[in-house]
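All remarks here apply to the structure that follows.
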């Protein structure tokens, strides 16, 4: 039996021309999210994870590949058709302050997607906005405030309320907590988890912040230089990832040890991430990999299953 | 070829002793703002021994960064130290005129900031800035300084150091700039380095590189470090002693092993419960409810009481003193018994 996934990306390729040079942002990325499930997409700056998110929601057109929402192709759709599809899928960005309309009240911002679709009238809209604000942990009376009167965390909550207004099944979040203060981050993650449970909401949660991803994601995909190098359950990823890059990445989240003797060695990966203008041959990670062999330099390893729904792109895993 | 060899450290707590390099007593810092006086630091004491690595942890607004900045004379508009001493090499940093303090900062106390933009002059090549530290501090010729700066850059894993010497800060990646900043911080062989969230703005694996480097280079030179961080995992893996701050006060201070095994203050326990544990990724985090106080008045009760599940009438009426509860452990909580009270 196979249930068609909520969101399904197949062989997405995307490059940009920057100052006359080709920047390879996303290379042959496939991923899918089933209803009620959440996928964390992690990687460092320039790994291409945000571009994948923008392709997934239709804000960026991939050079090739397909994006299906409930089996329906998204690539090549008009803006109007996309807007229809966005009833099922909404996006939350890092910079909420910039995404909210500064001269609309908070309440009007929240119901804007409904007003744009002519789904509500004024009185009804006001009531819906208050309910949504309450659901995201704000005081409903803040509906009358203007965005600049709120803190960064509160603005991000308003963004989430707005995304929820159309009752989507999937939220694509791109670094939604990275701009926030650490203690506010924790409170925001609590909200995301609550919404996941209460509304059976799915997430494509894009972040370089592994702790936040760990709290929300059932599965985690790791990107490096535009490619997915590993996908697996969040538990497996944090406990024992297979890919040498994932190993270094997850080892950088230091636990609080029980005592001094339980402290880990600080192991650092050598070198820097190569330029996306000039990709290495073979495995993208071979230039920094502690276990690379000759084959890694010449042959790009495909993403292949290693059991339990786990996939790794490494010749040696 | 990889230009950086993987570094390892172990957490052995080297037998620390001797006169403190830096001894901060009763530090009080206030900010004049349009809406009143902010009481950012309210009587902080701590001492740093030679070679010791101290971690100051706490949420934002706890006064941890302000504490460091005040010792460096970098409080900015409206900020001033109203009381306290900071003994460093026999002089009180807080009594020094600005010009003299400027020479201490960067020369005798190295600094590594989170915000990379603050650390370097954008209009000067990175190598020149590292060399300048050497020239201005020591009687060292420009040519020697040049050579020494390149050596330091190499030691910090900056590949192709000769070419990078002439590059401007914006031409380097965040990780490379942070390495250059460490090179500049250690160039004058300071006794202490102040590191304010030294890895926070960096990508995870780069954080690890920078942390391993900073640890290694300071251990090798016997440099003391005062590191401000919100990341308990980072503090736990690098520090010899932890100072927990809240509302501009020290709530708890303990040697690292004691801190890990017997944390006492409800605020410390709250910070731990709110921290992510990679061994249990789906354990729900329990953020501490409520917010840090605005500090429009100096604390006249336990500042943590409004958010504390143990709070009683006494907590709402009296400021708890920071009392010794063991040889390497001090706690400011009415609910924790002092050494002579049990």
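The peptide list A:119-131, A:192-204, A:213-225, put in order of mean Cβ contacts within 10 Å with the highest first, becomes A:213-225, A:192-204, A:119-131.
Provide the three semi-axes, in whole Å and in decreasing order, of the ellipsoid equivalent to chain B as defined by the square roots of 5 times the Cα gyration tensor eigenvalues.
On the way: eigenvalues 250, 103, 70 Å².
Those come to 35, 23, 19 Å.
Packing-based ranking of A:59-67, A:157-165 yields A:157-165, A:59-67, ordered from highest to lowest mean Cβ neighbour count within 10 Å. Counting Cβ atoms of other protein chains within 10 Å of each Cβ in B:206-217 and taking the mean gives 4. Please check: in the Gaussian network model of chain B (C-alpha springs, under 10 Å), which one of B:135, B:48, B:225 has the largest mean-square fluctuation. Among B:135, B:48, B:225, the largest mean-square fluctuation in the Gaussian network model of chain B belongs to B:135. Of the peptides B:98-107, B:298-307, B:125-134, the order by per-residue mean of other Cβ atoms within 10 Å, starting with the highest, comes out as B:125-134, B:298-307, B:98-107.
Which shape class applies to chain A: rounded if a/c is under 1.5, otherwise prolate when a/b exceeds b/c and oblate if not, where a ≥ b ≥ c are the square roots of the Cα gyration tensor eigenvalues? Judged from the Cα gyration tensor, chain A comes out prolate (a/c at least 1.5, a/b above b/c).
Averaging Cα coordinates gives a centre for the stretch B:78-143 and one for the stretch A:291-317; these two points are 49 Å apart.
Would you mind computing the Rg to Rh ratio of the protein assembly as shown from its alpha-carbon coordinates, Kirkwood style for Rh?
0.98
Peptide B:283-293 has a mean of 4 when you count, residue by residue, the C-beta atoms of other protein chains within 10 Å of its C-beta.
Which value at 222 nm does chain B reach when only helices count, each DSSP H run of 4 or more adding -39,500 (n - 2.57), with the total divided by all residues and rounded to the nearest 500 deg cm²/dmol?
It lands at -9000 deg cm²/dmol.
Based on C-alpha pairs under 8 angstrom that are at least 6 apart in sequence, chain B has a relative contact order of 21 percent. Counting only other chain Cβ atoms within 10 Å of each residue's Cβ, the peptide A:178-185 averages 5. Please work out the Cα center distance from the stretch B:194-269 to the stretch A:212-268, rounded to the nearest Å. Between the Cα centres of the stretch B:194-269 and the stretch A:212-268 lies a distance of 21 Å.
In terms of the ratio Rg/(2.2 N^0.38 Å) built on C-alpha atoms, what value belongs to the stretch A:95-167? Please report the intermediate quantities before stating the final value.
Values: Rg = 10.6 Å, N = 73, 2.2 N^0.38 = 11.2 Å.
That works out to 0.95 for the stretch A:95-167.
Principal-axis analysis of the Cα atoms of chain A puts helix A:106-116 at an angle of about 90° to the longest axis. Summary value for the stretch A:95-167: 47 percent relative contact order, contacts being C-alpha pairs under 8 angstrom separated by 6+ residues. Computed on the stretch A:168-317, with alpha-carbon pairs under 8 angstrom and 6+ residues apart, the relative contact order is 19 percent.
Our note on the geometry: Cα centres of the stretch B:151-176 and the stretch A:79-144, 47 Å apart.
We did not get these values from a lab; they are worked out from the coordinates using the rules stated. In this text the structure is predicted, and so the values were computed from the model without any measurement. Virtual Cβ from ideal backbone geometry, glycine too; neighbours counted across all protein chains shown.
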